[in-house]
């Protein structure tokens, strides 16, 4: 608003300066006073208009900066809330830190379970759980896992999925009950060998490699 007011004042002063200049040029008076007034008026007009221009440029820059920041925040918010959007590296790192803490706690409790819970039968079968982004997991397993029956392997990997989903919830966003049951697409590794992976029909069902 200030720059608009200065623009109006500057424009008005410019018009007045032009009128005075015309009158002075037509006047036969030898006095220098009218010419001095015109010069002062011209200088003031230039100063006021320059100030108005600088304020306008400043306001434009601030507005453009605010718009860029708004767009950036909206994009970030969409990334965090849209499950179809590939997760950022920062989000993946955050999820994996939460998963590692949760797995370590379960592995510690599994050695001396605080209460009876079937899930404590599986943490020691899991070496690591890595969230790859875009609802995908890589689970590395121990020697003990390899000798399990397919049914027990499925239970162990479903435990790993639940552990990963908990880390996902704590780090990125809530997961609906149906999405939690659906799980993440999971690849199971023993060293460099692929032991199995989720089937196309269900992330909670697995196709195991032939031993």
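Summary table
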| quantity | calculated |
| --- | --- |
| Among (1) within 17 Å of residue 97 (Cβ to Cβ); (2) in contact with a strand residue (DSSP E or B) (Cβ under 9 Å, 6 or more places away or on another chain) - the single one residue 169 does not satisfy | (2) |
| Test result for residue 108, at pLDDT below 95, surrounded by fewer than 19 Cβ atoms within 10 Å (Cβ to Cβ) and assigned to a helix (DSSP H, G or I) | yes |
| Selection count where residues are assigned to a strand (DSSP E or B) and out of contact with any helix residue (DSSP H, G or I) (no Cβ under 7 Å at 6 or more places or on another chain), scope region 112-131 | 2 |
| Residue check, residue 100 modelled with pLDDT of 75 or more, under 30 Å from residue 124 (Cα atoms) and more than 18 Å from the chain's Cα centre (by Cα) | yes |
| All helices (runs of 4 or more DSSP H) inside region 137-211 with 3 or more residues being under 16 Å from residue 124 (Cα atoms) and without any contact (Cβ under 8 Å) to a residue 40 or more places away in the chain | 150-171 |
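The values are calculated or read from the model by the stated rules, or taken from the named source; none is laboratory data. Everything quoted here is computed from the prediction, not taken from an experiment. Cβ atoms come from the backbone with ideal geometry, glycine included; neighbour counts cover every protein chain shown.
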